[in-house]
1. Identify all residues within the range 207-218 that are surrounded by 19 or more Cβ atoms within 10 Å (Cβ to Cβ) and more than 23 Å from Asn159 (Cα to Cα); write none if there are none.
2. Which ones in the range 242-260 are more than 18 Å from the chain's Cα centre (by Cα) and buried (at least 21 other Cβ atoms within 10 Å of the Cβ)?
3. Residue check: is Ser134 modelled with pLDDT under 80 and in a strand (DSSP E or B)?
4. For the condition in the same structural domain as Tyr215 (by TED's automatic domain parsing), at pLDDT 90 or above and more than 21 Å from Glu252 (Cα to Cα), what is the one hit in Leu162, Leu116?
5. Might you let me know whether the range 219-241 holds any residue that is surrounded by 14 or more Cβ atoms within 10 Å (Cβ to Cβ), under 16 Å from Tyr92 (Cα atoms) and of a type in the set (D, E, K, R)?
6. Looking at the range 64-104, which of its residues are assigned to a loop (DSSP other than H, G, I, E, B), surrounded by 16 or more Cβ atoms within 10 Å (Cβ to Cβ) and at pLDDT 65 or above?
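The values are calculated or read from the model by the stated rules, or taken from the named source; none is laboratory data. Fair warning: this is a prediction, and the values are worked out from it, not measured in the lab. Because the Cβ atoms are built from the backbone with ideal geometry, glycine has one as well, and the counts that use them run over all protein chains shown.
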Amino acid sequence: MRALFLTLLLAGCASSPTASLQDTNRYSRQDAELDRFLRPDPWYDPAQDPTREVPEPDDPRFDKLYQAMRVPPFQPSIQGYLGVLSINDDSYRVDTNFGDLDESDIDTLPTGGFTLQWPVMGDRFELGFELGSSVAWDNDSETYFRTNPTIIIVDAKNNLFLWDFSVGAHAAFDLTRKARFHGGAGPLIQYGSVDLDFDDDGIDDLDDDGFGTGYYARIGFEYYAYRGHYAGLMARYVDTEVDFDGDIDKLEYEGWQFVFTLTRKF
């Protein structure tokens, strides 16, 4: 019985689908092949192995390997990002039923989001469309309001939450075999929530939220990292306005998101 078990075990190992496992690891095999041509062995001595072929920089196999490594055209990708939102102080406005914003220490907010990209034409230079979403938030920033009609400055803690959904055009350009620029622009729908906690006990705290519209524009650079993943940096500009129905009338701001990105091509 033991001999039969060992025979079956050895037969199973001998018939294991090695080739199919290698096929599922397409990116790693192509990366290794490409790296072997781009970065030859520094310890290689032609005298020890005169039959080994050393490719020249203009070897046509470079392009073939590059095309094999690239994802087929018109394939979608998803990009996630994380960083900070830097708001232009002059553009940040919160209008209430008793007064307008006079000054705020809001400067940078943590932010994150994602973008789905669909190329529809091109190869090294691709065009398509994209949709995405991002959030940003701030807790307990110091904010001062100028009341009407008497000019009195009141202090408040400002809790802010921002969310946007965007749809726009997408473009990307392969600068080299592994480096690429990308960008996009379009309209967005903005959701905003403001919670004002006044230090003066005679003023009721305000809490309101609403929707508005705006636009965005972005540009970024990324580098091929591993198995269809790209890592890089991106700057995204946002200009938007939110209208409220309650005690807070309006929220306006414009600013830049500076983020780290990770993109996965399917």
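1. Tyr216, Arg218, listed by residue number.
2. So the first thing to find is which residues in the range 242-260 are more than 18 Å from the chain's Cα centre (by Cα), and the list is 242-254.
If the condition is that a residue be more than 18 Å from the chain's Cα centre (by Cα) and buried (at least 21 other Cβ atoms within 10 Å of the Cβ), then Val242, Phe244, Ile248, Leu251, Tyr253 are the ones that fit.
3. Values: modelled with pLDDT under 80: no; in a strand (DSSP E or B): yes.
Here the answer is no, as Ser134 does not meet what is asked.
4. Details: Leu162 fails: more than 21 Å from Glu252 (Cα to Cα).
Sole residue among the options that is in the same structural domain as Tyr215 (by TED's automatic domain parsing), at pLDDT 90 or above and more than 21 Å from Glu252 (Cα to Cα): Leu116.
5. Checked against the condition, which is being surrounded by 14 or more Cβ atoms within 10 Å (Cβ to Cβ), under 16 Å from Tyr92 (Cα atoms) and of a type in the set (D, E, K, R), the range 219-241 yields at least one hit.
6. Tyr92
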